[in-house]
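The values are calculated or read from the model by the stated rules, or taken from the named source; none is laboratory data. Not measured: the values here are computed from a predicted model. Cβ coordinates were reconstructed from backbone atoms using ideal geometry, including for glycine residues, and neighbour counts include every protein chain displayed. The accessibility values were calculated without ligands, DNA or RNA, using every heavy atom of the protein model including side chains. Shrake-Rupley method; radii C 1.70, N 1.55, O 1.52, S 1.80 Å.
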Amino acid sequence: MSYYALVPAAGSGSRMGASSGRALPKQYLPLAGKPLIWHALSALCATPAIAAVFVVLAPDDVAWPGEEMAALGERLHVLRCGGETRAESVTNGLRGMVSELGMIDDDWVLVHDAARPCLDVAMVERLIAEVGDDDAGGLLAVPVADTLKLCEEHGRVRQTVPRDGLWQAQTPQMFRHRLLLDALEFAPQVTDEASAMESLGLMPKLVAADIGNLKVTYPQDLKLAEWILRSRQAVPPATAHG
Ligand code: CTP
Ligand code: MG
């Protein structure tokens, strides 16, 4: 049984302000001395259980820093088959993996957002260990901590929503290749892979993670991600000399 990672990275980062004239897509913004996407790819490439890491780029991507990424090693493969939506990018990536590897029906694919740079090897290994050989797969997630409000029009509270049993989904999300491709073909409108599996009646396992595995969505998220990465000491603190 093999494990592979698939990293969709064909978005533009519109909530980051990309539409307001910023040329560089979110995944290439500088973060702790590297392009944002480097951090997630580095953690996945450093996980011994993962046989290969596939990154899905937009076909017209001109910003992929190939030389810098080559240092991550031969397990990193680039697929230029990104789609209009995240689900389409993942679906195309799953098909692209078959073109490179042949049939991998029962092997595992860990789908991870390029925009979650604070992943570490321990989180990946916990997911793999806790999912085991459960065909429903699983995902990293955190129980909702805050009180939830349902918003009425005009930004006022309509009601408080019980948070019991509610979790925030993160990535990686881990499923068998064939089942995930079937699920995404059945439910192409989903925003994460677990939703696609749910639409087939499967119940993926929630594996407790921590909020440090945040997704960089808005400009202020970059500062938090930078702080988390530097506080792990893998990246030395910035000095007066830069
Ligand atoms: N993604 C993708 N293909 C798309 C859209 C998104 O591969 N058509 C990827 C992004 O590059 C990112 C991940 O899916 O790594 C999570 O998406 P998100 O954080 O929403 O990134 P963007 O879609 O780029 O940002 P936004 O929604 O703000 O435009
Ligand atoms: Mg998006």
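Tabulated data for the structure shown
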read-out	value
Segments 121-134, 194-207 sorted - mean Cβ within 10 Å per residue, highest first	194-207, 121-134
Ranked by how many other beta carbons lie within 10 Å on average, peptides 64-73, 167-176, 212-221 from highest	167-176, 212-221, 64-73
Calculated on alpha-carbon atoms, Rg and Dmax of region 111-242 in Å	17.6, 56
Sites matching trypsin sites (Lys or Arg not before Pro) across region 74-105 that sit in DSSP coil, with at most 15 neighbouring C-beta atoms within 10 Å	ARG80
Solvent-accessible area per residue for the chain (1.4 angstrom probe, square angstrom)	51 Å²
Pairwise centroid distance, computed over Cα atoms, of region 1-68 with region 89-122, Å	13 Å
DSSP beta bridges in the chain [antiparallel fraction, %, rounded to 5]	45 percent
Kirkwood Rh, Cα atoms: Rg over Rh of region 3-234	0.96
Of all accessible heavy-atom area on region 3-234, the percent that carbon and sulfur account for (1.4 Å)	53 percent
Local electrostatic count, ALA40, Cβ distance below 13 Å [Lys/Arg +1, Asp/Glu -1]	+2
For region 95-110, 3J(HN,Hα) per residue [Karplus equation, 6.51 cos²θ - 1.76 cosθ + 1.60, θ = phi - 60°, Hz, x = Gly/Pro]	5, x, 4, 5, 4, 8, 10, x, 5, 10, 2, 8, 6, 9, 10, 9
Debye-sum result for region 36-81 in log10 I(q)/I(0), which assumes one identical scatterer on each alpha carbon, at q = 0.26 Å⁻¹	-1.02
Nonlocal amide H pairs with GLN170, under 5 Å, H built at 1.01 Å	LEU140, ALA141, VAL142
